[in-house]
Amino acid sequence: TTEKPYHSKRPHKKSRAGCINCKKRKVKCSEERPTCRACTLRRESCIYPGSKSAGQSPSASSLSQAVAVRDSSLPSVRRGAPQSPHRNAGDVVVTTEPQFRPTGVGDDIDMKMLWFYTAEACNSFSIEGGRSPTIDHVLKVKVVEHAFKSPFLMQCLMALSALQLRGLGQEVPYAKTLAYQSKAYEGYRDAIEAARPADYPALLACSLLMTALSSQMFREADTKPLYIVDWMAVWRGIGLIIEIISPQSITDSGLAVLFYRPPIDVEKTGQFIPNNLLFMVSSIKPGDADYEHQQTYYTVLKCMGSLYAELHHGFSSILDLRIITFFSFMPREFIPLAKEHRPRALVILGYYLCFAKLNNDLWWMQGISDREIKEILHAVGKPWLHLLHVPRKIMHMTDKIQIMKTILAHDTWAPPDQDLSDNDRDPRVKQPGIVSDNGRHY
């Protein structure tokens, strides 16, 4: 056999000040306090020999526990182990230092949910037409900073993580998920009523994230029919929060970039409105219950025209963004018409749901369209079904190209050679900014 070359041991300086766990495992301790690196990685209580509890402040009992052990060769002491009422003269008193747990994070599940939000869930809200370092920083850092100051936002982040993980088939306690959701909704409502300036940044972030959190109702079996109307109202809630907060406060919060929307030229988008929808509104006569709301319907259709206009560019980040932010442009007057389940309002929503199927890659947009289209078909009745032939065709489609062909009524349509889905290839992604409800930059 070939003899292996001899290597002398690398000289090193022995340390006698390491923690008990590292001594037991015979590994070098970084000797950092209150918790060394090795114990931090293993999520163990870091115990240093010779620590005294006598010099601690009265409140220190809530942060550490004094535990008696006979010598450092014994198994490491678990945090919370019962303390012996008697100590022999040879006993050594050691103190277990707790692992760091941020304010607002109660247990290991909470920690996992917060980690998953910063690692993955936040990526579902990279808006500005695609991923960007600026957006990522705001979602991963600034939003979390505000969440530590406003617990209702923290509950919202954890609820989003729990829902996404459950959707991926991961085990998250159902009771815990419900608790996150309940606390997020309740805290958000209370914060709106209190309108404390300190909570303004968290209210801004929560108003946006609530649109995703509330989308879970589309996937619940017992959700009331036509939930799409309530979801639209949640989107309009973003505008209400922005009205409470001054534009300067939005900028100061560091969150302004999350509210960028692509502008809409409503004078040009009108020409892309499908003829059947345009006639549905233009043919309203005096005496019709919708006559006084004719302009409201037309305004909504011009917003929808921006979706049809964008289709001619093929699949793109801007199209995704227009679909996501569509409800944020809705005139307030349209919401009560939809809540009354007026047929014309529901027909318009039916066509929006066709576009929503193109964004099915986002977990919180999944499962929205088919169920709601079916309920709209049932609600409007036979006299209006001829206006919904496109949603009826698309209802069970899954192929995005086929959906696009059906929306455009163009059987031979094919995606353009230039793929604009990549953020770097579409110069228009630099245009989104703070846009008013009439589609123009402030």
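Some observations on this one:
- Pairs, first assigned by the TED database to the domain that holds Lys112 in region 154-183, second part of a loop (DSSP other than H, G, I, E, B) and surrounded by 15 or more Cβ atoms within 10 Å (Cβ to Cβ), C-beta under 6 Å, six or more apart: Met154/Gly104; Ala162/Val172; Leu165/Val172; Arg166/Val172
- Scanning region 221-243 for residues that are over 15 Å from Arg332 (Cβ atoms) and not acidic (Asp, Glu) yields Ala221, Thr223, Lys224, Pro225, Leu226, Tyr227, Ile228, Trp231.
- Those residues of region 138-153 which are more than 14 Å from the chain's Cα centre (by Cα) and free of Cβ contacts under 8 Å to residues at least 40 places away in the same chain, in sequence order: Glu145
- Applying the condition of being touching a residue at least 40 places away in the same chain (Cβ under 8 Å) and surrounded by fewer than 16 Cβ atoms within 10 Å (Cβ to Cβ) to region 253-278 and asking which residue is farthest from Pro201 (Cα to Cα) yields Asn276.
- Close pairs (6 angstrom Cβ cut-off, 6 or more residues apart or separate chains): open to solvent by less than 50 Å² (accessible area, probe 1.4 Å) in region 279-301, aromatic (Phe, Trp, Tyr) anywhere: Val281/Tyr297; Val281/Tyr298; Ile284/Tyr291; Thr296/Phe334; Val300/Phe334
The values are calculated or read from the model by the stated rules, or taken from the named source; none is laboratory data. Computed from a predicted structure; not experimentally measured. Please note: Cβ atoms are built from the backbone with ideal geometry, for glycine as well, and neighbour counts cover all protein chains shown. Protein only, heavy atoms only, side chains kept; ligands, DNA and RNA dropped before computing areas. Shrake-Rupley method; radii C 1.70, N 1.55, O 1.52, S 1.80 Å.
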